[in-house]
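Following: one structure in structure tokens, then a few remarks.
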Amino acid sequence: MTNPFETALTGKHVVIVGGGSGMGKATAMLAAHLGARVTIASRDSAKLKDAAADIGGDIGISAVDMTDEDAVRTWASALGQVDHLVISASSAAHGAFSDLPTADLRIMFEAKFIGPYVTVREVLPFLTEGASVTLFSGVLSRRPSTGATGLGAVNAAVEALAKGLALELAGKARVNCISPGMVATEAYAAMPEEARENMYAQVGNTLPVRRVGDADEIAQAVVMAMTNGFLTGSVLDVDGGHMVKA
Ligand SMILES: NC(=O)c1ccc[n+]([C@@H]2O[C@H](COP(=O)([O-])OP(=O)(O)OC[C@H]3O[C@@H](n4cnc5c(N)ncnc54)[C@H](OP(=O)(O)O)[C@@H]3O)[C@@H](O)[C@H]2O)c1
């Protein structure tokens, strides 16, 4: 038996929006290691350059703000052929239902739902045969938490988008969604270190695996979603057991 992961990404063009940090960057690293030609994208070119240097090898960078529809169109048309599109970029708005400013809610939906919607649509003409699209939601879609109702709703919307697109793009691309539990990434970089470590420990202790996730563990699931030709319309819970905890 041959190793199915050995050549599945060799020479494939993998485009990762959000590839400059966190789970997107970890995915970029793994895909490059598996022989893919990787392009990472997000808004900040300097961050992308640093990430590409960290990853090493021949990583393409291509800045785009997914909330700017015209910019996404221009960006997509400059990518060339795309074998696998991954969108891990997002922004998260936290706040109690009555307190969260509507403007923050709108910004989050623009970045995490409408941005990916438009991005998939604009990349679609450039997808190759056997292509895949992988989106990112999060456990709050189905395990709500106070102060994160809007975030749960946008995650649920992304999961519905992935399932709907799996049907609409049938024959053109497989579409899946990764739903991570808490993963230690740059998303929490603004927190003071001690508070962040306490949060990781507290959340980790509630999970069957007794710890929060590592970005590399999510990258493994993304590679599976990219390469398993029988997987489409799925939401993969890579969450340390968050969905089944008490
Ligand atoms: N970390 C967790 O615990 C966790 C838990 C559940 C779900 N998730 C979800 O998993 C996904 C990945 O999370 P992560 O922690 O790896 O994220 P991350 O490290 O915070 O990276 C997100 C990236 O998105 C980019 N970005 C933000 N807005 C953008 C826009 N409008 N256009 C283009 N790029 C944009 C940012 O780069 P620039 O600043 O350069 O644009 C950033 O590099 C996200 O969807 C997140 O909501 C994360």
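Determine the per residue accessible area of the chain with all protein chains present and a 1.4 angstrom probe, expressed in square angstrom.
Details: 12040 Å² over 246 residues.
Counting only protein heavy atoms, the per-residue value for the chain is 49 Å².
Probe radius 1.4 Å, ligands and nucleic acids ignored: give me the carbon and sulfur share of the accessible area of the chain as a rounded percent. Before the final figure, lay out the partial values.
Details: 6530 of 12040 Å².
On the chain, the fraction of accessible area on carbon and sulfur atoms equals 54 percent.
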Exercise for the section: Please sort by residue number the chymotrypsin sites (Phe, Trp or Tyr not before Pro) in region 4-103 whose DSSP state is loop and whose Cβ has at most 15 other Cβ atoms within 10 Å. Expected result: Phe97
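Are any of the pairs Lys47/Lys172; Lys47/Lys112; Lys47/Lys163; Lys12/Lys47; Lys25/Lys49; Lys12/Lys172 more than 22 Å apart by Cα-Cα distance, and if so, which?
Working: Lys47/Lys172 32 Å; Lys47/Lys112 20 Å; Lys47/Lys163 32 Å; Lys12/Lys47 24 Å; Lys25/Lys49 12 Å; Lys12/Lys172 16 Å.
From the list (Lys47/Lys172; Lys47/Lys112; Lys47/Lys163; Lys12/Lys47; Lys25/Lys49; Lys12/Lys172), the Cα-Cα distance tops 22 Å for Lys47/Lys172; Lys47/Lys163; Lys12/Lys47.
Going by average Cβ density within 10 Å per residue, which order do the peptides 166-177, 13-24, 100-111 take, highest to lowest? Before the final figure, lay out each step's value.
Numbers: 166-177: 18.3, 13-24: 27.0, 100-111: 15.0.
Listed from highest to lowest mean packing, they are 13-24, 166-177, 100-111.
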Handout entry: Between 0 and 90°, nearest 10: helix 215-227 axis offset from the chain longest Cα axis
Key = 40
Problem - Computed lengthening from Asp44 to Ser145, 0.36 nm per intervening residue step minus Cα-Cα distance - result: 33.3 nm
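Rounded to the nearest 500 deg cm²/dmol, what is the calculated helix-only ellipticity per residue at 222 nm for the chain, with -39500 (n - 2.57) per DSSP H run of length n ≥ 4? Don't jump to the answer; show the numbers that get you there.
Working: 9 runs with 100 residues, N = 246.
Mean residue ellipticity at 222 nm (helix-derived): -12500 deg cm²/dmol.
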Exercise for the section: Under a cut-off of 18 Å between alpha-carbon atoms, report the aspartates and glutamates in cross-link reach of Lys245, not counting same-chain residues fewer than 8 places apart. Expected result: Asp237
Handout entry: Cα long-axis angle, helix 45-55 against the chain (0 to 90 degrees, to the nearest 10)
Key = 80
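Highest first, please rank the peptides 81-91, 56-66 by the mean number of other Cβ atoms sitting within 10 Å of their residues. Spell out each step's value before the answer.
Values: 81-91: 23.9, 56-66: 17.5.
Packing order, densest peptide first, comes out as 81-91, 56-66.
The values are calculated or read from the model by the stated rules, or taken from the named source; none is laboratory data. A quick note: this is a predicted structure, and the numbers were derived from the prediction, not measured. Heads up, the Cβs are rebuilt from the backbone with ideal geometry, glycines too, and the neighbour counts pull from every protein chain shown. The area values use the complete protein model at the heavy-atom level, side chains included, leaving out ligands, DNA and RNA. Shrake-Rupley method; radii C 1.70, N 1.55, O 1.52, S 1.80 Å.
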